[in-house]
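These notes are about the structure you will find just below.
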Amino acid sequence: MRQLVMRIYLQFAWLLNTAIFFGCASVSWQAFAENVVAEVPDQYYYAVGRLCDRVEKPKSLLEEIIDHIGPVSSSLEPYPHPDHPLIKKDENFWRVPDFADHSVLFLNGFHVQYLNKDHHVRSVGARLAVEDMPAEGVIRWWGGAQLLDKGWDDSVQGCVYYTKLAWNSDHFKVEVLPAFEGWDNGGEPIAVVRDDRVIADGDGVLLPTAYMVIDPNGDRHLYQLAVMGDNGGGPVAGRGRLRSIFKDNDEDSKNDFFGGGRVMIGSGALVQRTDFEFTAKSPACKPSIVSFGGCIGESQAPAFKETQSRTVVVDDVKATLFFPVLTGFELVSRSNDDHVRSIGYWLDEISFDPEARRLKFDVSAMLLDKNNSPFYHQDAISIVGLVRSGPGGTEPATLPDKIKEIKVR
């Protein structure tokens, strides 16, 4: 009963604070959904969810944002700061299960769109941030998504998708290194983790918490948007980095990038990953060179004119729990750069059957203007398996050699 009362109180506080925060932005609808995918008392808790909102008068938020200007920009417009994305669901509370001594929140992706027509892009991306622990066992956090041009005057709506994971280290020899967030102002990739520790026989995986690209001088048409996370220091090292590409047709397109994440390491974690070559592409060399050469070849990949989703199934896994991570993604216009109406990459419809040890989820992508011009997309997805250990010893653990994609709709 005490836990039920606390849950009701936390949900009420979340709704109240959300209403106060968005009162000045004339929000006409709100959406929140969360699903417990799997849990075993005293061992682990695994949930996924989304936060969605609509902002109809973005300029009304500028007074709040103007006091939090980010890195120096040559633009006279307010700089889009990642602490204040236009779509921000504030004051969310998570009561971590009492048995858990480790927990983590990370991004499963986002999608955003302009409500009236297509526009240039100055900033696009998403972020999750843990604020503090207002009470024992309670984490306060927020999630936000971004899409705006330099005028800050276009109504937008969107969603950010996330995973909550908590576990007891007596059962799973896994830990998550401290979070790091930082800026890349046209230089080296962001080092998400600066920690040389290595846990023997363990794999590492970067769990992203932020990726937001920004045009430092104005806004632009969009030809290519890509984000990639990797371990950088090898499969067992607690190191990670994030890279970004945000460009129009200009070969010298530069951007600011705010990124963050946490790296999960330990002997109780297995990682399998799909990948793609992360490189800036150009419409100028199409169609004679294939995409692996840094260009899009006319016959190398199908182009789509609507949101694309596929269902992925992972089974034949010898691990207690396994879950997907959107490690990287790429969206590329089929022809030249253009305005954007809607954009995003995300994982949802995630389910896990502990008895069959089967994981199933959808991967969705979109890059559309008002004419639904065709686009290409590709992604890097990590499948992480947690192996239970304890008094009975460590159970045999393997991941499948191949991940099945069973449907495209």
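Of the peptides 156-162, 272-278, how do they stack up when ordered by the mean number of other Cβ atoms within 10 Å, highest first? Please report the intermediate quantities before stating the final value.
Details: 156-162: 25.1, 272-278: 16.3.
Per-residue mean Cβ counts within 10 Å order the peptides as 156-162, 272-278.
Please give the peptides 248-260, 324-336 ranked by average Cβ packing (other Cβ atoms within 10 Å per residue), highest first, as a rough proxy for protection.
Values: 248-260: 18.4, 324-336: 21.8.
Answer by packing, highest mean first, reads 324-336, 248-260.
Which distance in nm do the two modelled labels at D252 and D316 give, with both placed 7 Å along the Cα-to-Cβ direction?
The modelled label-to-label distance comes out at 5.2 nm.
Mind giving me the FRET efficiency for K117 and F276? R0 is 22 Å, r the Cβ-Cβ distance, nearest 0.05 is fine.
Computed FRET efficiency for K117 and F276: 0.10.
What does the charge add up to near D275, with Lys and Arg as +1, Asp and Glu as -1, over the other residues with Cβ less than 10 Å from its Cβ?
Summing Lys/Arg as +1 and Asp/Glu as -1 gives -2.
What net charge do the residues around A129 carry, taking every other residue with its C-beta under 9 Å from that of A129, with Lys and Arg at +1 and Asp and Glu at -1?
That works out to -2.
Figure the gain on full extension for D101 and V130 (residue separation times 0.36 nm, minus the Cα-Cα span) and round it to one decimal in nm. Intermediate values should be presented prior to the final figure.
Numbers: separation 29, 0.36 × 29 = 10.44 nm, distance 1.66 nm.
That pair, D101 and V130, stretches by 8.8 nm at full extension.
Under the Karplus relation 6.51 cos²θ - 1.76 cosθ + 1.60, θ = phi - 60°, what is the ordered set of whole-Hz ³J(HN,Hα) values for the range 168-184, x standing for Gly and Pro?
Along the range 168-184, the couplings run 9, 6, 5, 9, 10, 7, 9, 9, 10, 5, x, 5, 9, 10, x, 10, 10 Hz.
Order by neighbour count: L321, L270, fewest other Cβ atoms within 10 Å first, most last.
Placing the least packed residue first, the sequence is L270, L321.
Whole angstrom only: what separates the Cα centroid of the range 318-388 from the Cα centroid of the range 105-123?
If we compute the Cα centre of each part, the gap is 15 Å.
Using 0.36 nm per residue of separation minus the Cα-Cα distance, give me the extension gain between E34 and D362 in nm, one decimal.
116.5 nm
Laboratory data are not the source of any read-out in this text; all were calculated from the coordinates shown. Remember, predicted model here, so these are calculated numbers, not experimental data. With ideal geometry, Cβ positions are generated from the backbone for all residues, glycine too; neighbour counts draw on all protein chains shown.
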